[in-house]
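For reference, the structure discussed in these notes is given below.
The values are calculated or read from the model by the stated rules, or taken from the named source; none is laboratory data. Keep in mind that what you see is a predicted model, and the values were worked out from it rather than measured. Note: ideal-geometry Cβ built from the backbone for every residue, glycine included; neighbour counts use all protein chains shown.
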Amino acid sequence: MGRVGTVVAVAGALGVAAARATRTAVTRQRARRVARPGCWQVVTVDRPPEQVLPSAAWPEPLRRLDGAVEVAVAPAPGGRGTELAARARPHAVWPGLAAHLLGDDPGLLVRRTLWQVKQLVETGEVLRADRTPGERGPVPPIDAPRWPADGPPR
Amino acid sequence: MRALCWTSGGELAVGQVPDPELRNDHDVIVRVRRSATCGADLPLLTGQVPGLAAGEVLGHEFLGDVVEVGAGVRRHRVGDRVVVCASVACGACWYCRRGLPSCCDNGSTDPTANEAEWGHPVAGCFGLPRAAGGFAGSHAEYVRVPYADVGAFPVPESVGDDRALFASDAAPAGWLGAEGGEVRPGDVVAVWGAGAVGQLVARAAWLLGAERVVVVDRHPARLLMARRHVGAETIDRRDTDVAAELREFSGGRGPDVCVEAVGGPAGEHLSLAARFSGRARAPEAVREAVYACRKGGSVFVLNGGARHVDAFPVGTVVQKGLTVRGGRQHGQRHIPMLLDRMARDELRTEYLATHHFPLERAAEGYALFRDRPEECLRAVFTPH
């Protein structure tokens, strides 16, 4: 990978976009390999940069982290779309729900958010899970035989 | 609705769960006509797969009728009879657009969940623990199908339910084994496993022009089916030297293409320490295939239950210049072609459904499938 010319959107609490200096390929590669707070998290979105961050505006999943992360985009090599990177800003104050969900791993939250952006841009929606057994509540049995999964009629 | 659930205490039971609902614009709800057991489910039953929660609905190979359609769905209407690909893929990411839907980036509701296990997120699947997608299984009266325009396919009127059912998973897996192994006209092909997938690998190999096809297994009844329904030659591994038989079968060269389709767990989910301390099982069929394959040949691994295995003969791969590949089925790419072949009678799969059960007796069906492989190739449940 050569020098990465980044189109950078860094927004503060008011969502003001600002330019950011070029990052090196070394920094970018480290971001791929290491998942720890403060490191860049990166996903490749199979769409051009102008569709990923239109007019430097953040898509909804990222907007929730407004002020707490910095974001960078760069064209992916080989026409593979856009490399979308984000990392927690030093001493960031995590807003609202994000703070609640953060636990002690902001890197994971940032990464999940980037994947949601990718899904939204590529498919038009963020995929939702079916209700979990916990959300559904207990399963009332119907009048049918129950077999131990590792035992019965052999 | 009624559904077959894995319950606390390690039991299978049919119980009442809430009906599925449209969760995304590209969803449909399918009323299930048929849903089949699969060898990939067996590790779930014994708790070998981490993350399975009590109350999860099992099953991933199914067909049914569309009864509800999301606002963004364009290709389906209420009343369509569809077969649904067992894996979930978006059709829009880099991998899907290049014909690799089982590698889909967007097929899971939490793509980070299986990064730790596989290195990257892969396509989701129905009826597995949440890390595999977050989608309830098909052993139920109704199923929610995400990305329905991509993963659900209308079934030609002339193709019956029991035939079309296997276009959901077994037939695309079988096709991938032959296509991914790069079977060419004149090839000698060996298939490990005479289950539904193995037999369909053998059939696909014929359709791609193989000149000799042999299936290896230890169940005589399954081998008989492979001879009778697929026209393959067979090797009963219980009473013979498989490597010697394969050398003889291939003029001493070894098969050009070897496909592993044994199903079930080829390895356990073990820690690194456990693997290096020798607790891990060896992948016997893959190892045998690597030794048997001709120099410069191709080995394709289909086993969906494979997790971590060690003591693998890497040197043999190097010395013989083999190509070893693996994959989960790319149904989103192959199902239309397979349905066409089914409609033309080139691909007959209904004989794989050796047993039918109403949904209420699904636990009994699994017990039969697990305990009597001689007799039961696939148990099929009919919820309605």
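So which pairs qualify, if the first residue must be in region B:154-169 and of a type in the set (Phe, Trp, Tyr), the second must be assigned to a loop (DSSP other than H, G, I, E, B) and modelled with pLDDT of 95 or more, the Cβ gap must be under 7 Å, and the two must be at least 6 apart or on different chains? The qualifying pairs are B:PHE166/B:THR349.
With modelled with pLDDT under 95, within 17 Å of the chain's Cα centre (by Cα) and surrounded by 18 or more Cβ atoms within 10 Å (Cβ to Cβ) as the only criterion, which of B:ALA266, B:ALA202 stands out? Before you say what the answer is, go through the steps one by one.
Numbers: B:ALA202 fails: modelled with pLDDT under 95.
Residue meeting the stated conditions: B:ALA266.
With respect to (1) aliphatic (A, V, I, L, M); (2) facing chain A (nearest Cβ under 7 Å); (3) surrounded by 20 or more Cβ atoms within 10 Å (Cβ to Cβ), the lone exception for B:ALA54 is condition (3). In the set (1) touching a His at 6+ places or on another chain (Cβ under 8 Å); (2) among the small types (Gly, Ala, Ser); (3) surrounded by 18 or more Cβ atoms within 10 Å (Cβ to Cβ); (4) within 12 Å of chain A (Cβ to nearest Cβ), the condition left unmet by B:GLY72 is number (3). Could you tell me whether B:ALA164 is in contact with a Leu (Cβ under 9 Å, 6 or more places away or on another chain), under 30 Å from B:PRO18 (Cα atoms), at pLDDT 95 or above and part of a helix (DSSP H, G or I)? For B:ALA164, the condition - in contact with a Leu (Cβ under 9 Å, 6 or more places away or on another chain), under 30 Å from B:PRO18 (Cα atoms), at pLDDT 95 or above and part of a helix (DSSP H, G or I) - is met. Given the criteria aliphatic (A, V, I, L, M) and under 16 Å from B:LEU63 (Cα atoms), does B:VAL14 qualify? No. Here B:VAL213 meets the list (1) surrounded by fewer than 24 Cβ atoms within 10 Å (Cβ to Cβ); (2) over 19 Å from the mean Cα position of the chain (by Cα) almost entirely, failing just condition (1). Only one entry of B:ALA148, B:ALA196, B:ALA113 meets the criterion of being under 19 Å from the mean Cα position of the chain (by Cα) and of a type in the set (Gly, Ala, Ser), and that entry is B:ALA196. For region A:41-57, give me each residue that is surrounded by fewer than 22 Cβ atoms within 10 Å (Cβ to Cβ), more than 14 Å from chain B (Cβ to nearest Cβ) and assigned to a loop (DSSP other than H, G, I, E, B). The one that is surrounded by fewer than 22 Cβ atoms within 10 Å (Cβ to Cβ), more than 14 Å from chain B (Cβ to nearest Cβ) and assigned to a loop (DSSP other than H, G, I, E, B): A:ALA57. Is it the case that region B:356-376 has a residue that's surrounded by fewer than 20 Cβ atoms within 10 Å (Cβ to Cβ) and more than 14 Å from chain A (Cβ to nearest Cβ)? Yes: region B:356-376 contains one or more residues that are surrounded by fewer than 20 Cβ atoms within 10 Å (Cβ to Cβ) and more than 14 Å from chain A (Cβ to nearest Cβ).
Being more than 22 Å from B:CYS103 (Cβ to Cβ) and modelled with pLDDT under 80: is that true of A:VAL10 here?
Details: more than 22 Å from B:CYS103 (Cβ to Cβ): yes; modelled with pLDDT under 80: yes.
Judged against the criteria, A:VAL10 is a match.
In region B:6-20 there is no residue matching the filter, namely being more than 17 Å from B:ALA367 (Cα to Cα), more than 13 Å from chain A (Cβ to nearest Cβ) and in contact with a Lys or Arg (Cβ under 8 Å, 6 or more places away or on another chain).
Per-residue answers, yes or no, for (1) part of a loop (DSSP other than H, G, I, E, B); (2) more than 14 Å from the chain's Cα centre (by Cα); (3) surrounded by fewer than 24 Cβ atoms within 10 Å (Cβ to Cβ):
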{"site": "B:LEU176", "(1), (2), (3)": "no, no, no"}
{"site": "B:PRO185", "(1), (2), (3)": "yes, yes, yes"}
{"site": "B:ALA190", "(1), (2), (3)": "no, yes, no"}
{"site": "B:TRP206", "(1), (2), (3)": "no, yes, yes"}
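Looking only at region B:122-133, residues that are facing another protein chain (nearest Cβ under 9 Å) and surrounded by fewer than 24 Cβ atoms within 10 Å (Cβ to Cβ) come to 1 in all.
Candidates in region B:78-95 are the residues that are more than 9 Å from chain A (Cβ to nearest Cβ) and touching a helix residue (DSSP H, G or I) at 6+ places or on another chain (Cβ under 9 Å); of these, the one that is farthest from B:ASN106 (Cα to Cα) is B:ARG81.
Each residue in region B:224-241 was checked for being in a helix (DSSP H, G or I) and surrounded by fewer than 22 Cβ atoms within 10 Å (Cβ to Cβ), and 7 pass. Of everything in region B:22-47, what is touching a residue at least 60 places away in the same chain (Cβ under 8 Å), at the interface with chain A (Cβ under 8 Å from one of its Cβ atoms) and under 29 Å from A:THR123 (Cα atoms)? Give them in sequence order. Across region B:22-47, the qualifying residues are B:ARG23, B:ASN24, B:HIS26.
Condition check ((1) closer than 20 Å to B:ALA171 by Cα; (2) not in a strand (DSSP E or B)) across all residues:
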{"position": "B:ALA3", "(1), (2)": "no, no"}
{"position": "B:PRO20", "(1), (2)": "no, yes"}
{"position": "B:ARG23", "(1), (2)": "no, yes"}
{"position": "B:SER35", "(1), (2)": "yes, no"}
{"position": "B:PRO43", "(1), (2)": "no, yes"}
{"position": "B:ALA53", "(1), (2)": "no, yes"}
{"position": "B:PHE62", "(1), (2)": "yes, no"}
{"position": "B:ASP105", "(1), (2)": "no, yes"}
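How about region B:98-116: which of its residues are more than 9 Å from chain A (Cβ to nearest Cβ) and either more than 20 Å from B:CYS38 (Cβ to Cβ) or surrounded by 22 or more Cβ atoms within 10 Å (Cβ to Cβ) (or both)?
Taking region B:98-116 first, the residues more than 9 Å from chain A (Cβ to nearest Cβ) are B:98-104, B:113-114, B:116.
Correct list: B:ARG98, B:GLY99, B:LEU100, B:PRO101, B:SER102, B:CYS103, B:CYS104, B:ALA113, B:ALA116.
I'm told A:PRO77 meets every condition in (1) at pLDDT 95 or above; (2) more than 12 Å from every other protein chain (Cβ to nearest Cβ); (3) surrounded by 13 or more Cβ atoms within 10 Å (Cβ to Cβ) except one. Can you identify the failing condition by its number? Result: A:PRO77 fails condition (3) only. Of all residues in region A:135-154, which are at the interface with chain B (Cβ under 7 Å from one of its Cβ atoms) and either part of a strand (DSSP E or B) or at pLDDT 80 or above (or both)? Answer for region A:135-154, where residues must be at the interface with chain B (Cβ under 7 Å from one of its Cβ atoms) and either part of a strand (DSSP E or B) or at pLDDT 80 or above (or both): A:PRO141, A:TRP147, A:PRO148. Taking region B:129-160 as the range and being under 18 Å from B:ARG344 (Cβ atoms) and either out of contact with any helix residue (DSSP H, G or I) (no Cβ under 8 Å at 6 or more places or on another chain) or not polar (S, T, N, Q) (or both) as the test, the residues that pass are B:PHE153, B:PRO154, B:VAL155, B:PRO156, B:GLU157, B:VAL159, B:GLY160. Among all positions in region B:367-376, there is no residue which is of a type in the set (A, V, I, L, M, F, W, C), touching a residue at least 60 places away in the same chain (Cβ under 8 Å) and part of a strand (DSSP E or B). For region B:234-258, filtering for residues that are among the hydroxyl-bearing types (Ser, Thr, Tyr) and free of Cβ contacts under 8 Å to residues at least 40 places away in the same chain leaves 1.
Looking at this structure, is B:GLY59 under 22 Å from the mean Cα position of the chain (by Cα), at positive phi and surrounded by fewer than 24 Cβ atoms within 10 Å (Cβ to Cβ)? Lay out the reasoning, then the answer.
Numbers: under 22 Å from the mean Cα position of the chain (by Cα): yes; at positive phi: yes; surrounded by fewer than 24 Cβ atoms within 10 Å (Cβ to Cβ): no.
No, not satisfied.
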